[in-house]
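Step one of this worksheet: look at the structure below.
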Amino acid sequence: MRVPAFKRVDRLVAIAVLGAVALTWGVIVSLDAFRVFISELNDVGQGQYTLTKAATYVLMTVPRRLYEMFGYAALIGGLLGLGGLANSGELTALRAAGLSKLRICASVALGIGLLTVLVVLLGETLGPLGERKAQALSIAAKSRDVALAKGGTLWALDGTTVISARRARTHGGKAQVDLDGVRVFEFEPDGRLHALSLANSAIHTPQDWVLRDVRRTEFGPDSATSRTQAETAWHSGLDPRLLALSIIQPQYMPLRDLDRNIAYLERNQQDASSYRGVWWTRVFYPLNVLVLVFCAVPFAFGALRSGGLSKRLFIGIVLALGFYFLQRAIVSFGAVYGFHPALANLVPPLILVAAAWAYFRRHA
């Protein structure tokens with residue numbers, strides 16, 4: 001007879017919590033999208049970038065923002081949902097019926113866990129797709145000379161030269177841009193192909209571009225000649241600042257694209273640590289959300305009975321920010337000292353679990 005009772009408890013708590021999570025989630029994402037829309041207004045009028053395209057750009061990035069903000073919304077919404085149950089006396093009734101704080105938190109985690117599965121699917125499908133389409137829209141509208149093809153391939157026009165790159169990436173912030181898998185098509189004014197250069201990579205220096213591992217083929221009226229060079233200067237007006245805008249950042253990529261980039265960089269003996277770190281962050285995302293909600297909610301039980309909405313919001317924001325900075329600090333520390341990204345991403349939830357375990361030992 002106890003199983004149906006527990007199921008009813010789970011349903012009661014889940015409905016209350018998920019309603020508060022949905023409301024909090026919508027508010028946070030709306031504020032973030034509005035902030036970005038305001039910043040995009042500065043670019044309206046640049047090229048063919050209109051107010052409508054700026055709004056479309058922001059809307060296309062909403063799935064990715066939903067994914068990023070879900071963890072914080074789950075925590076704050078969980079506190080607000082339990083606070084609503086406390087204000088109505090239902091939380092007190094559940095405690096009087098013999099349910100421990102741990103059991104109530106398990107009901108919260110159950111409801112949020114089901115939603116987390118959908119959010120992870122969103123982050124692997126619509127999130128990256130929308131981000132890629134948004135970047136393509138922005139670049140195509142702001143510049144007629146640069147475009148993104150399906151799959152993220154970069155195409156650019158520089159006078160009578162057409163440039164294609166399999167991928168572009170930044171390092172040193174956005175101060176430097178590298179291109180991988182570069183093809184440079186040089187045309188005569190009458191449209192005839194004069195030369196084709198295939199390069200493993202292109203690096204922008206303060207003076208100019210440099211092509212590495214180049215094979216250049218020049219086409220004559222009746223013949224073609226080829227030569228290879230380890231490195232050669234490439235005089236191009238291609239603006240690296242504009243290219244930086246076209247780059248899909250690793251944190252916005254699905255796991256399959258991260259896998260492909262890691263394999264490509266390792267195959268070419270290049271540093272893949274940034275992509276590998278993001279890969280492990282994505283893998284631990286569901287665990288971080290569930291641990292954050294499951295372990296943080298019990299600490300607010302005392303305040304839920306007496307605190308109002310503002311107090312619960314304050315608790316949620318402090319806990320969310322605290323975990324965010326703890327995770328960033330430990331992951332950055334691990335990157336500096338060469339710890340495996342999996343270990344660096346596992347330590348923050350373990351610290352939170354240890355703190356929750358100590359709490360339950362005293363108060364559960």
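Quick look at the values:
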item: Built amide H within the under 5 Å cut-off of Ala195, gap 5+; result: Glu186, Phe219
item: Backbone HN-Hα couplings from phi across segment 135-140 [Karplus 6.51/-1.76/1.60, Hz, Gly and Pro as x]; result: 5, 5, 4, 5, 5, 4
item: Calculated FRET value between Leu255 and Leu350, using beta carbons and R₀ = 25 Å, to 0.05; result: 0.65
item: Counted charge near Ile28, where neighbours are those whose Cβ lies closer than 14 Å (Asp, Glu -1; Lys, Arg +1); result: +1
item: Leu12/Phe325 FRET efficiency (R0 41 Å; Cβ-Cβ; nearest 0.05); result: 0.75
item: Contour excess over end-to-end distance, with Cα ends at Glu90 and Ala335 and 0.36 nm allotted per residue; result: 83.6 nm
item: Built amide H within the under 5 Å cut-off of Trp234, gap 5+; result: Trp209, Val210, Leu211
item: In order through segment 218-229: 3J(HN,Hα) via Karplus (6.51 cos²θ - 1.76 cosθ + 1.60), integer Hz, x for Gly, Pro; result: 9, 9, x, x, 10, 8, 9, 10, 10, 8, 10, 9
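All of the numbers you see were taken from the coordinates with simple rules; none came from a lab. All values derive from a computational prediction rather than experimental measurement. Every residue, glycine as well, gets a Cβ built from its backbone with ideal geometry; the counts of neighbours run over all protein chains shown.
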